[in-house]
Amino acid sequence: MTDPAEHPSERPYDPARTRLHVVTGKGGTGKTTVAAALALALASGGRRVLLCEVEGRQGIAQLFDVPPLPYEERKIAVAAEGGDVFALAVEPKAALLEYLELFYRMGRAGKLLERMGAVDFATTVAPGLRDVLLTGKVYEAARRRGPKGPVYDAIVLDAPPTGRVTRFLNVNEEVAGLAKVGPIRNQADSIMSLLRSPTSAVHLVSVLEEMPVQETQDAAAELRRVGLPLGCVLVNMVREPVLAAADLELAAAGRLDRGAVVAGLRAEGLGGRGQTGGVQGALLERLADGLLAEGTDHALRVELEREQRIDLTAVGRPLAELPALAGGIDLGALYDLADLLVEQGVA
Ligand SMILES: Nc1ncnc2c1ncn2[C@@H]1O[C@H](COP(=O)(O)OP(=O)(O)OP(=O)(O)O)[C@@H](O)[C@H]1O
Ligand SMILES: [Mg+2]
């Protein structure tokens with residue numbers, strides 16, 4: 001039996017060695033945001049990084065506020081202390097034409113196939129083939145070499161959500177029924193060995209809520225089952241508690257000091273000077289009740305989040321946290337998130 005640490009999913013995560021970063025997570029947890037921040041983080045200090053998307057959503061272009069990306073690598077950002085982030089929206093049809101051209105030199109014949117609808121047919125009817133084309137393009141970019149070595153120091157893939165990611169990456173299984181031998185089979189084999197190699201890692205983005213955490217656990221189990229290497233668990237949109245630990249405990253039990261809340265409100269100039277009776281006094285009491293109820297809700301949420309964090313830790317991979325940024329995500333926010341990823345050893 002081999003050492004369990006040698007199983008791709010259990011290998012320690014090493015940012016210095018990882019060149020292909022796959023970013024997945026439940027829908028809406030921040031995959032695209034985190035993938036972009038990771039690309040900036042990896043590029044900082046003068047490296048070249050390619051950020052890819054495969055879902056045909058133009059999420060990267062929207063995030064960086066640039067026109068829709070063509071099927072062509074475009075520089076979209078400069079990282080801290082130099083370093084370039086390029087972006088590519090991989091599209092199955094274009095990938096198939098490129099593939100036909102590359103492997104069969106089918107320049108014109110490929111175009112003819114496209115006119116006949118064969119390209120649409122091939123890329124929509126066989127999801128396995130579609131995925132092999134998409135991951136194949138990423139594979140090609142990862143392997144591409146220029147005169148001075150690899151063209152990209154790292155590649156970040158904004159991947160399909162957790163529910164679909166294992167099928168998407170496990171192209172070998174997917175094409176098994178499609179091609180037992182031949183170039184597609186070989187392509188799938190090469191992609192698989194790159195994905196399983198120590199230079200690849202699949203990061204799982206989650207937020208501290210029940211469903212995303214459950215999906216993270218399920219995805220980790222599935223990826224382990226098919227022998228794909230897990231990277232980090234990236235906890236996104238983390239909110240700091242607004243109450244101190246002792247107050248949280250009281251709030252959860254509904255035992256916050258009501259008198260202190262009323263006094264605090266009065267100190268803020270609410271409820272009138274020294275009065276507790278009358279209209280203003282009643283308003284003050286209602287305000288205090290509202291705040292106490294909010295305090296309890298907040299404390300219960302913090303407690304739930306604490307439990308979710310324990311479940312995410314139990315996945316057994318390095319955990320990094322990114323705050324919920326109140327101002328939303330603009331380019332400046334991406335740089336801030338990138339710094340936090342570097343500080344926490346993800347990049
Ligand atoms: N750390 C954060 N702080 C504040 N807002 C965030 C943060 N991360 C993501 N968001 C916001 O959350 C929303 C979802 O993020 P994003 O599009 O990156 O998620 P996604 O997982 O890629 O979604 P989809 O499944 O639709 O592709 C966006 O509006 C984004 O700006
Ligand atoms: Mg997205």
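Structure notes:
- Degrees separating the helix 331-343 axis from the principal Cα axis of the chain, which is the longest one: 90 degrees
- Computed over the chain, the convex hull of the alpha-carbon atoms projects to a mean area of 23.6 nm².
- Backbone geometry of the stretch 300-313 corresponds, through the Karplus equation with coefficients 6.51, -1.76 and 1.60 at θ = phi - 60°, to 3J(HN,Hα) couplings of 5, 5, 4, 5, 4, 5, 4, 5, 4, 5, 5, 4, 5, 5 Hz, x marking Gly and Pro.
- Per-residue Cβ neighbour rank within 10 angstrom, fewest leading, Y104, Y13, Y99: Y104, Y13, Y99
- Between helix 183-196 and the chain: long-axis angle, C-alpha atoms, 0 to 90°, nearest 10: 40 degrees
- Among A251, A36, A89, the residue with the largest mean-square fluctuation in a Gaussian network model of the chain, with springs joining Cα atoms closer than 10 Å, is A251.
- Gyration tensor verdict on the stretch 285-347 (Cα atoms; rounded if a/c is under 1.5, prolate if a/b is larger than b/c, oblate otherwise): oblate
- Overall form of the stretch 132-230 per C-alpha gyration tensor (a/c, 1.5; a/b vs b/c): oblate
- With Cα atoms, 0 to 90° folded angle of helix 127-143 axis to the chain main axis: 90 degrees
- Computed FRET value (nearest 0.05) for L250 with D189, which takes r as the C-beta separation and R₀ as 56 Å: 0.40
- Listed residues V34, V302, V202, most fluctuating in the chain (Gaussian network, C-alpha, under 10 Å): V302
- Using the average count of surrounding beta-carbon atoms within 10 Å as a protection proxy, the listed peptides 65-73, 219-227, 40-48 rank, highest first, as 40-48, 219-227, 65-73.
- Prolate/oblate/rounded call for the stretch 211-347, Cα gyration tensor, a/c under 1.5 rounded: prolate
- Of the residues T313, T18, T199, the one that moves most in a GNM of the chain with alpha-carbon contacts below 10 Å is T313.
- Note on the chain: helix-only mean residue ellipticity at 222 nm, from DSSP H runs of 4+ residues weighted -39500 (n - 2.57) and normalised by residue number, equals -16000 deg cm²/dmol.
- Rounded to the nearest 0.05, the FRET efficiency derived from the C-beta distance between L287 and A80 at R0 = 41 Å is 0.35.
- For the stretch 314-319, 3J(HN,Hα) per residue [Karplus equation, 6.51 cos²θ - 1.76 cosθ + 1.60, θ = phi - 60°, Hz, x = Gly/Pro]: 5, 4, x, 10, x, 10
- With both labels modelled 7 Å from their Cα along Cα-to-Cβ, the R115 to A324 distance reads 5.5 nm.
Rule-based calculations on the coordinates, nothing more; no lab input. Predicted, not measured: the structure shown is a model, and the values here were computed from it. Note that each Cβ is placed from the backbone with ideal geometry, even for glycine, and that neighbours are counted across all protein chains shown.
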